[in-house]
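Engineer: One structure follows; several queries about it will come next.
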Amino acid sequence: MEVEHFQAASVHQVINALRFLYVELYRRPMVLGSIPRPKKDRKLPVVLSGDEVRAVFDATENLKHRALLMLVYSSGLRVGEVVRLRVEDLDNVRKLIHVHTGKGKKDRYTLLSASVMRVVDEYIKLYRPREWLFPGMVPDRAYSVRSAQSVFERAARKAGIQKHVTIHSLRHAFATHLLEQGVDIRIIQQLLGHSSVKTTEVYTHVSSTILTEVRSPIENILGNTKNT
């Protein structure tokens, strides 16, 4: 008997397709309802250190690209959110960014760093964007998600980052570094736009501060051995 191993997402997709076929099209009970659904893989995010984030910025010579990456990290934005920012979404007085229709079609506010805003102001004076903060090759169209991803990939390679990271890793770093600074996880949840705090709790598993505060039991054994 040949056994094939499929990703959990693929199995869910097949079950959902069968359910749609029976329930929505044939109007019949779902006869396969007792099939157990596999659990989704819970992979931990790869997190860049502060020095690695700085190295990515330093490797980004183009002012527009540097401003974009700095906003992603400093505000915890998704790549689709940063490319859809409009100039008026940046509230320099309140130091907030108004994110329109983020994931789940929800608006939210997140942080606008004063240091990053100085870089953004420099970029705006030089490039003079009108509608979109980061326009594409055609001025009335927003910068593409793929272009933003490529900007990060080039910068990460130039910075010598060996980890398997994407532009979304800057958002992971934002959340993890805030947690390590002692910011309440529910505040981080709001800044990220997570519907549930359970989604945000994944960063407690990758926070170096939380992990390094735990003392390995071998220290007690070795310590006791030293004292005898």
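The values are calculated or read from the model by the stated rules, or taken from the named source; none is laboratory data. Just so it is clear, the model here is predicted, and its values are computed rather than measured. Cβ placement follows ideal geometry from the backbone for every residue including glycine, while neighbour counts extend to all protein chains displayed.
Engineer: Please determine whether any residue of segment 169-179 is surrounded by 14 or more Cβ atoms within 10 Å (Cβ to Cβ), of a type in the set (Val, Ile, Thr) and free of Cβ contacts under 8 Å to residues at least 40 places away in the same chain.
Structural biologist: No: zero hits.
Engineer: Taking ASP51 as meeting all but one of (1) closer than 28 Å to ILE188 by Cβ; (2) modelled with pLDDT under 95; (3) surrounded by fewer than 12 Cβ atoms within 10 Å (Cβ to Cβ), write down the number of the exception.
Structural biologist: ASP51 satisfies every listed condition except (2).
Engineer: Moving to a separate point now. If I ask for residues that are in a helix (DSSP H, G or I), aliphatic (A, V, I, L, M) and within 17 Å of SER74 (Cα to Cα), which ones from segment 177-210 would you list?
Structural biologist: Result: LEU178, LEU179, ILE185, ILE187, ILE188, LEU191, LEU192.
Engineer: Tell me which of these ALA155 doesn't satisfy, since it passes every other one: (1) within 23 Å of VAL53 (Cβ to Cβ); (2) not in a helix (DSSP H, G or I).
Structural biologist: Answer for ALA155: the failing condition is (2).
Engineer: Here's something else I'd like to know. Filter segment 180-219 down to the residues that are surrounded by 14 or more Cβ atoms within 10 Å (Cβ to Cβ) and among the aliphatic types (A, V, I, L, M), then identify the one that is nearest to LEU112 (Cα to Cα).
Structural biologist: LEU191
Engineer: Of the conditions (1) in contact with a strand residue (DSSP E or B) (Cβ under 8 Å, 6 or more places away or on another chain); (2) surrounded by 14 or more Cβ atoms within 10 Å (Cβ to Cβ), ASP91 satisfies every one except a single condition; which number is it?
Structural biologist: Every listed condition holds for ASP91 apart from (2).
Engineer: Working only within segment 96-116, note down all residues that are free of Cβ contacts under 8 Å to residues at least 40 places away in the same chain, exposed (fewer than 13 other Cβ atoms within 10 Å of the Cβ) and within 20 Å of TYR73 (Cβ to Cβ).
Structural biologist: The one that is free of Cβ contacts under 8 Å to residues at least 40 places away in the same chain, exposed (fewer than 13 other Cβ atoms within 10 Å of the Cβ) and within 20 Å of TYR73 (Cβ to Cβ): ALA114.
Engineer: Looking at ASP107, is it under 23 Å from ALA173 (Cα atoms), of a type in the set (D, E, K, R) and at pLDDT below 95?
Structural biologist: yes
Engineer: Modelled with pLDDT of 95 or more and surrounded by 12 or more Cβ atoms within 10 Å (Cβ to Cβ): is that true of LEU63 in this structure?
Structural biologist: yes
Engineer: To continue, here is another question. Read through the list (1) outside any helix (DSSP H, G or I); (2) without any contact (Cβ under 8 Å) to a residue 12 or more places away in the chain, then give the number of the only condition that PRO129 fails.
Structural biologist: Exception for PRO129: condition (2).
Engineer: Follow-up. Quick check on this structure: which one of VAL119, VAL138, VAL145 is surrounded by fewer than 20 Cβ atoms within 10 Å (Cβ to Cβ), touching a Gly at 6+ places or on another chain (Cβ under 6 Å) and either over 22 Å from VAL202 (Cβ atoms) or not assigned by TED's automatic domain parsing to the domain that holds THR200 (or both)?
Structural biologist: VAL145
Engineer: Next question. So, of the residues in segment 132-147 that are part of a loop (DSSP other than H, G, I, E, B) and touching a Pro at 6+ places or on another chain (Cβ under 9 Å), which turns out to be modelled with the lowest pLDDT?
Structural biologist: Selected residue: PRO139.
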